[in-house]
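Right, one structure below, let's go through it.
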Amino acid sequence: MVAARTDLGHASEAARRSARAASPGRAALGGYAVAAVAVVTGWIATREHALVDPLEGIGYWLGIVGASLMATLLLYPLRKRLRWMRVLGPTKHWFRMHMIFGVAAPVLILYHCNFTPGSLNDTVALTCTLLVAGSGLVGRYLYMKIHVDLDGHRATLRDLSERARITAAQSAEIRALVPDLLERITAYDELVLAPHEGAFATLVLPIRLALATRWRAFTLRRFARATLRKQAGKSAVIAAQRKRLEAATGRFVDEHLRHVRRVAELRSYERLFSLWHVFHLPFFYMLVVAALIHVLAVHMY
């Protein structure tokens, strides 16, 4: 029983490490929330009257700063491809800058135009800006699904499979604590990791697994709790530790299924990320052209 407590604790420690690794994701969500509040507040404030004049004063400079931030988005792909730019800092810092500017710039431009498109050229420029921003958020999500960090290190099937592997020690402990749980987990692993034929099945796999693995985790935790309750009636030691064992077993199930899901999803996310590039780059080029025409039109006429 002591060994069981020790090794099941490894799963909870892995969960804590995962939580610490996810802290940048929580910071990003906080930034998106601030941007969303700024957009909603500005939209409500400009329904009655314009807050700024786009052609002069603070309104003009909001447009200049917003356009400048959009232009700096080109620096991130250049940093990844040009060797001489490696002296300018790690890629992860450039990626963070790319995401921050990609969110802040559209917000500034929305305030610049008072959340209202003007001429045809203004409408095209604003539409391209919002398309690039929305596409960038999707790209950021896909990027984090196929990379282990912000340095551009891609996850591999071998590494992910190793994380999902149930060790011999864990197997022995699970069999001692909750008989039949390991067989149920293994049967589901085989189902999830089976090859999926067809492009559509591969693309929708993340959505399907997001629902299926969470439901399976719920049923496995419920099975483990029911089994431990039965064993608690026969063993005073298990009865004294039942709540802790239920929590440890539940954490192990959640962590294992999360790793198995990542193994199954990796190929799907890689394909989605490739398709994303096909759409994102044309949006950005359209934005550059529309922004240049907009700037020239404003200053010439």
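Annotations
- Evaluation of LEU74 against (1) under 30 Å from VAL298 (Cβ atoms); (2) crowded, with 17+ Cβ neighbours inside 10 Å; (3) out of contact with any Lys or Arg (no Cβ under 7 Å at 6 or more places or on another chain) (one fails), failing number: (2)
- Residues in the stretch 238-286 that are among the β-branched types (Val, Ile, Thr), more than 16 Å from ALA176 (Cα to Cα) and surrounded by 19 or more Cβ atoms within 10 Å (Cβ to Cβ): 2 in all.
- Residue match in the stretch 101-121 (condition: assigned to a helix (DSSP H, G or I), farther than 19 Å from TRP276 by Cβ, in contact with a helix residue (DSSP H, G or I) (Cβ under 6 Å, 6 or more places away or on another chain) and modelled with pLDDT under 85): yes
- Candidate set: the stretch 179-237, residues that are farther than 27 Å from PHE273 by Cβ and either of a type in the set (Val, Ile, Thr) or not assigned by TED's automatic domain parsing to the domain that holds GLU270 (or both); chosen: the one surrounded by the fewest Cβ atoms within 10 Å (Cβ to Cβ): VAL237
- One residue stands out in the stretch 1-38 among those that are in contact with a helix residue (DSSP H, G or I) (Cβ under 6 Å, 6 or more places away or on another chain) and at pLDDT 80 or above: the one that is nearest to ARG244 (Cα to Cα), namely ALA35.
- Cβ pairs under 8 Å, 6+ apart, first in the stretch 63-77 and farther than 15 Å from CYS128 by Cβ, second hydroxyl-bearing (Ser, Thr, Tyr): none
- Every condition in (1) at pLDDT 80 or above; (2) assigned by TED's automatic domain parsing to the domain that holds GLN241; (3) assigned to a helix (DSSP H, G or I); (4) of a type outside the set (Val, Ile, Thr) is met by SER135 except one, and the failing one is (2).
- All conditions in (1) within 19 Å of LEU130 (Cβ to Cβ); (2) of a type outside the set (S, T, N, Q); (3) part of a helix (DSSP H, G or I) hold for ARG47, with the sole exception of (3).
- Residue in the stretch 167-178 that is out of contact with any helix residue (DSSP H, G or I) (no Cβ under 9 Å at 6 or more places or on another chain), under 30 Å from LYS230 (Cβ atoms), surrounded by fewer than 19 Cβ atoms within 10 Å (Cβ to Cβ) and without any contact (Cβ under 8 Å) to a residue 24 or more places away in the chain present: yes
The values are calculated or read from the model by the stated rules, or taken from the named source; none is laboratory data. Every value quoted in this text rests on a predicted model; they were computed, and no experiment measured them. In this analysis, Cβ positions are derived from the backbone assuming ideal geometry, glycine residues included, and neighbour counts consider all displayed protein chains.
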